[in-house]
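What follows is one structure encoded as structure tokens, with my remarks underneath.
Bear in mind these aren't lab numbers, they're just calculated from the coordinates by the rules spelled out. These figures come from a predicted structure and were not determined experimentally. Don't worry about glycine lacking a Cβ; one is built from the backbone with ideal geometry, like all the others, and counts go over all protein chains shown.
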Amino acid sequence: MLCSRCPIHYPLPKAPINKPFIRQRLLPSRPTCQSLGVSGSLRMEAKSNTNTNIKDETSKRLSFDFLTKKPYTPPSWASHLNPIPSHVFSLGHLPTPIHRWNLPNLPSNTEVWLKRDDLSGMQLSGNKVRKLEFLLADAVAQGADCIVTIGGIQSNHCRATAVAAKYLNLDCYLILRTSKVLVDQDPGLTGNLLVERLVGAHIKLISKEEYAQIGSVNLTNILKEKLLSEGRRPYVIPVGGSNSLGTWGYIEAVREIEQQLEFDDIVVACGSGGTVAGLSLGSSLSTLKAKVHAFSVCDDPDYFYDYVQGLLDGLEAGVDSHEIVHIKNAKGLGYAINTSEELNFVKGIAAATGVILDPVYSGKAAYGMMKDMSVNPERWEGRKILFIHTGGLLGLFDKVDQISVGNWHRMDVHESVPRKDGIGKMF
Ligand SMILES: Cc1ncc(COP(=O)(O)O)c(C=O)c1O
């Protein structure tokens, strides 16, 4: 199967099902994330202004559980899924906060709230952290000594994987896709690459054309075989961490949201499908029952309905992807390519609300959502929407040549102000 356009997925992989993880139901539950993760004042505002169902804080994640591995028990509403992961690593700073997002020009009585998964960490930030909590627990359980994964040259997933692997003392091999003219050159230190190289990831470059011909699954297998022949024990994570095991990351995120607030709709970017699969399955099974809207930033909606279906089938969920998620195209000019309108939108939202969206994922999803709100306001009027900010700030550094922001001036100090040597010296 060849998808000729999207640089992420061609040739189209089938949704991988990582079967080796083991079902263990009788183990104690991971502490549920009932802490709201919102500031005291916001919590008060949420209570008084919206009269929504904020639950009591009954358990708090202990501050010592970061980077520890624990037995995993799913939410009761997900306990029929199969297989269920046996363990989970605590890698993210969870629960992430939720706060009101005062976007301009909303339809009447529409509320937008923001789930700050961009604040799930610093180098190890964004939505990928939630998937890696399960994937790396499996890697360690299988006795891996290194991780292999693949993505675009500015892949947030690859950066997060490189950091998480190093935390767990695992080597990391990244296959990064770039253009034919750059494939034999040093890829530089911009954005995600700086973090990957600082933490010592082994970077293998591949051209977009080779990626299209060979495919991500074959490429990772080739590297895996090579590492095996050298006596290593590699664990392969697919593009975006989107297999059925990774899907548990956003099933768990629904348990977290369920403890925070109620919503009518959830809006999120879709790049490899795992986030949407977990959110939509979790929302439909839990008490949340929010409608999930995905804005795809590559491929097209039909591809993602099929891919998400594969992930759901891999968990024996018995549901049809078309019934639990609504996927809309927000690809624009192409994956990781922005129009000036999209970049101006990202700039405008930062200036208006202080929230910085990434240009490749959440920027396009929010742009798509706002466009739909202006074309079809009746669909959104009176709704309470949760937009998931999935991170990706480092990707913005790759766009600095296309963005002009702010202004600057030399500070004006009148010449009559006396100059005194030696006061407040810094050098
Ligand atoms: C910052 C960011 N947001 C959203 C996504 C999309 O998530 P998913 O790959 O699970 O569809 C990705 C990765 O593809 C990402 O890096």
Worksheet item: On the first, second and third principal axes, largest extent first, how far apart are the outermost C-alpha atoms of region 77-127 in Å?
Response: 46, 32, 12
Response to the item:
Expressed in µm² per second, the diffusion coefficient of region 128-241 from the Stokes-Einstein equation, with Rh the Kirkwood radius over alpha carbon pairs, at 37 °C and 0.692 mPa s, is 235
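Sort 103-116, 146-159 for me by packing, meaning the mean count of neighbouring Cβ atoms within 10 Å per residue, highest on top.
Numbers: 103-116: 17.1, 146-159: 26.5.
Ranking, from highest mean packing down: 146-159, 103-116.
Let me have the relative contact order for region 128-241, percent, based on Cα pairs under 8 Å that are six or more residues apart. Kindly include the intermediate steps, with their values, before the conclusion.
Numbers: 178 pairs, mean separation 41.6, N = 114.
Dividing the mean separation by the residue count of region 128-241 yields 37 percent.
Sorted by mean Cβ packing within 10 Å, highest first, what order do the peptides 173-186, 406-419, 277-290 take? Don't skip to the answer; put the middle values down first.
Working: 173-186: 16.3, 406-419: 5.6, 277-290: 23.9.
Packing proxy ranking, top to bottom: 277-290, 173-186, 406-419.
So how do 336-343, 256-263 stack up, highest first, on mean other-Cβ count within 10 Å? Each step should come with its number before you reach the end.
Details: 336-343: 15.8, 256-263: 22.5.
Top to bottom by mean Cβ count within 10 Å: 256-263, 336-343.
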Item to complete: Give the distance, in whole Å, between the Cα centre of region 364-411 and the Cα centre of region 289-304.
Response: 17
Worksheet item: Taking Rh as the Kirkwood radius, which is the inverse of the mean 1/r over Cα pairs, what is the Rg/Rh value for region 252-398?
Response: 0.96
Item to complete: Binning at 5 Å from 0, report for region 161-316 what percent of all alpha-carbon pair distances ends up in each bin.
Response: 2, 8, 14, 16, 18, 16, 12, 9, 4, 1, 0
